[in-house]
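Here's the structure, in structure tokens; my notes come after.
The values are calculated or read from the model by the stated rules, or taken from the named source; none is laboratory data. Model, not experiment: these values are computed from the prediction. Here Cβ is always computed from backbone atoms with ideal geometry, including for glycine, and neighbour counts include all displayed protein chains.
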Amino acid sequence: MENKYLKLKRKHEKRINNFKMFFAFSEEQFKEGLKELNTPEENLIKVFGGGFIRKEDKNDYLKMFEEISQEEKDLFLNEKDLYDAFYYELSNHEYSYTHDEEQTLNSLGFKNFEELNDFQKAIFEKAKTKYLNSQIW
């Protein structure tokens, strides 16, 4: 069966990776990024995680993340798709080892378990139980 969450996640990763931006964690990387975007330093805006975009791209950047967020919210209305997302991220964040729900929930745009509605809580508990039962101890 197709995992729509993974398909959407890959689509979003590709879209973000194709956006005109760079990440710099050293002076050398910063200078390379300026050349890559062909823009002066005063024309940059710092974004998450050490990223930089051009000022003129700010609206497109914000729009991109608004659209990504909306596509995820729409996908999470479907029980199977929400379950697949929870299960994938529980595994991705090594829940069987950490038992930290917040890492999984944060990766999906939720702050904590209490923020989930009853439908989402039930699906999360179902995915968590299945994930823990699938682990070999």
Residue under evaluation Arg15, criteria (1) more than 30 Å from Asn133 (Cα to Cα); (2) outside any helix (DSSP H, G or I); (3) touching a helix residue (DSSP H, G or I) at 6+ places or on another chain (Cβ under 8 Å), criterion not met:
(2)
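Determine, yes or no, whether Phe119 is aromatic (Phe, Trp, Tyr), surrounded by 13 or more Cβ atoms within 10 Å (Cβ to Cβ) and either within 30 Å of Ser134 (Cα to Cα) or touching a strand residue (DSSP E or B) at 6+ places or on another chain (Cβ under 7 Å) (or both).
When the stated conditions are applied, Phe119 does not pass them.
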Just a yes or no: is a residue in region 89-99 of a type outside the set (Ser, Thr, Tyr) and closer than 18 Å to Gln70 by Cβ?
no
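Quick grid of which residues meet (1) within 23 Å of the chain's Cα centre (by Cα); (2) surrounded by 11 or more Cβ atoms within 10 Å (Cβ to Cβ); (3) not in a strand (DSSP E or B):
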site	(1), (2), (3)
Leu6	yes, yes, yes
Lys31	no, yes, yes
Ile45	yes, yes, no
Gly49	yes, no, yes
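Checking the condition surrounded by fewer than 14 Cβ atoms within 10 Å (Cβ to Cβ) and either under 15 Å from Asn3 (Cα atoms) or touching a strand residue (DSSP E or B) at 6+ places or on another chain (Cβ under 9 Å) (or both), which residue from Leu77, Leu82, Leu132 passes?
Details: Leu82 fails: surrounded by fewer than 14 Cβ atoms within 10 Å (Cβ to Cβ); Leu132 fails: either under 15 Å from Asn3 (Cα atoms) or touching a strand residue (DSSP E or B) at 6+ places or on another chain (Cβ under 9 Å) (or both).
Result of the check over Leu77, Leu82, Leu132: Leu77.
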All positions within region 28-74 that are closer than 30 Å to Met1 by Cα and of a type in the set (S, T, N, Q)
Ser69, Gln70
Which listed residue, of Glu2, Glu13, is under 27 Å from Leu82 (Cα atoms), surrounded by 10 or more Cβ atoms within 10 Å (Cβ to Cβ) and not small (Gly, Ala, Ser)
Glu13
Check on Asn112, modelled with pLDDT of 95 or more and over 18 Å from Arg10 (Cβ atoms):
no
Leading residue by the ranking (nearest to Gly33 (Cα to Cα)) among those in region 43-81 that are out of contact with any helix residue (DSSP H, G or I) (no Cβ under 6 Å at 6 or more places or on another chain) and among the basic types (Lys, Arg):
Lys46
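Restricting the search to region 66-114, which residues are of a type in the set (S, T, N, Q) and either without any contact (Cβ under 8 Å) to a residue 40 or more places away in the chain or in a loop (DSSP other than H, G, I, E, B) (or both)?
Residues satisfying the conditions are Gln70, Asn78, Asn92, Ser96, Thr98, Gln103, Thr104, Asn106, Ser107, Asn112.
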Note: among Glu56, Glu67, Glu42, just one is under 15 Å from Lys9 (Cα atoms), out of contact with any Pro (no Cβ under 6 Å at 6 or more places or on another chain) and at pLDDT 95 or above, namely Glu67
